[in-house]
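The values are calculated or read from the model by the stated rules, or taken from the named source; none is laboratory data. Just so it is clear, the structure is predicted and the values come from calculations on it, not from any experiment. Here the Cβ positions follow ideal geometry from the backbone for every residue, glycine too, while neighbour counts run over all protein chains shown.
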Amino acid sequence: MSDVLFTSSATAKNGRDGYVESSDGTLKFELVNPLKDKEKTGTNPEQLFAAGYAACFDGALNLVASKKNKQIESETTAEVSFLNDEADGGYKIAVTLKIEMNGVSPEEAEELTQAAHEACPYSKATRNNIDVTLLPQAVE
């Protein structure tokens, strides 16, 4: 196993109808199951995963861009979908990453996105486990 650089921790109680809190108290959210209660305010595991994946991917994108001496400004939006899993009758997730970059051509945006997908720890963790769609776009 690789050397541990740091560890983050969060605890959930009562599943999708409970709450989640980080060990340092920075994050503390009531969980709401959007399939059961559309009126209640709170977050869900898919939103939390989307936030983490978007931040991680955008960081990887900026790292690979800097290694290729590219100056970019970027924004990554992760859409995490909750799906029926026909294989086992349960559920699964899929992710679409919408990546906007300025400072590069459309071809460079595609190249940097693919390189970030290889480098991003979330992409590594999900590779061959969930469907991830990459939608890079060069913007001005």
Handout entry: Where GLU110 falls short, out of the listed (1) more than 12 Å from the chain's Cα centre (by Cα); (2) in contact (Cβ under 8 Å) with a residue 12 or more places away in the chain; (3) surrounded by fewer than 13 Cβ atoms within 10 Å (Cβ to Cβ)
Key = (3)
Handout entry: Among the candidates SER2, SER9, SER23, SER66, residue that is without any contact (Cβ under 8 Å) to a residue 60 or more places away in the chain and within 19 Å of the chain's Cα centre (by Cα)
Key = SER9
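Results for (1) of a type outside the set (S, T, N, Q); (2) outside the structural domain of ALA115 (by TED's automatic domain parsing); (3) under 24 Å from ARG127 (Cα atoms); (4) modelled with pLDDT under 95, shown as yes or no for each residue.
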residue	(1), (2), (3), (4)
SER22	no, yes, no, no
PRO34	yes, yes, no, yes
GLU39	yes, yes, no, yes
GLY52	yes, no, yes, no
LEU61	yes, no, yes, no
Practice task
Check the range 94-111 and report whether any residue there is assigned to a strand (DSSP E or B) and more than 26 Å from GLN47 (Cβ to Cβ).
Solution key: yes
Handout entry: the range 32-62, subset among the polar types (S, T, N, Q) and assigned to a helix (DSSP H, G or I), residue nearest to the chain's Cα centre (by Cα)
Key = GLN47
Practice task
Examine the range 2-19 for a residue that is at pLDDT 95 or above and among the basic types (Lys, Arg), and state whether such a residue exists.
Solution key: yes
Handout entry: Selection status of THR133, outside the structural domain of TYR19 (by TED's automatic domain parsing), closer than 24 Å to THR11 by Cβ and within 15 Å of the chain's Cα centre (by Cα)
Key = no
Problem - GLU79 being of a type outside the set (Val, Ile, Thr) and either touching a Gly at 6+ places or on another chain (Cβ under 6 Å) or closer than 18 Å to THR133 by Cβ (or both) - result: yes
Handout entry: Scan of the range 80-100 for residues that are of a type in the set (Gly, Ala, Ser) and at pLDDT below 95, ordered by number
Key = ALA87, GLY89, GLY90
Fill in the blank from the handout: Among residues of the range 71-93 being in a loop (DSSP other than H, G, I, E, B) and of a type in the set (A, V, I, L, M), the residue nearest to the chain's Cα centre (by Cα) is ILE72
Exercise for the section: Take the range 1-25 and flag every residue that is under 12 Å from PRO45 (Cα atoms) and among the aromatic types (Phe, Trp, Tyr). Expected result: TYR19
Completion exercise
Note: among THR77, THR26, just one is modelled with pLDDT of 95 or more, of a type outside the set (Lys, Arg), surrounded by fewer than 17 Cβ atoms within 10 Å (Cβ to Cβ) and in the same structural domain as GLY15 (by TED's automatic domain parsing), namely THR26
Exercise for the section: Name the single residue, out of those in the range 80-107 being touching a helix residue (DSSP H, G or I) at 6+ places or on another chain (Cβ under 8 Å) and over 16 Å from ALA65 (Cα atoms), that is surrounded by the most Cβ atoms within 10 Å (Cβ to Cβ). Expected result: LEU97
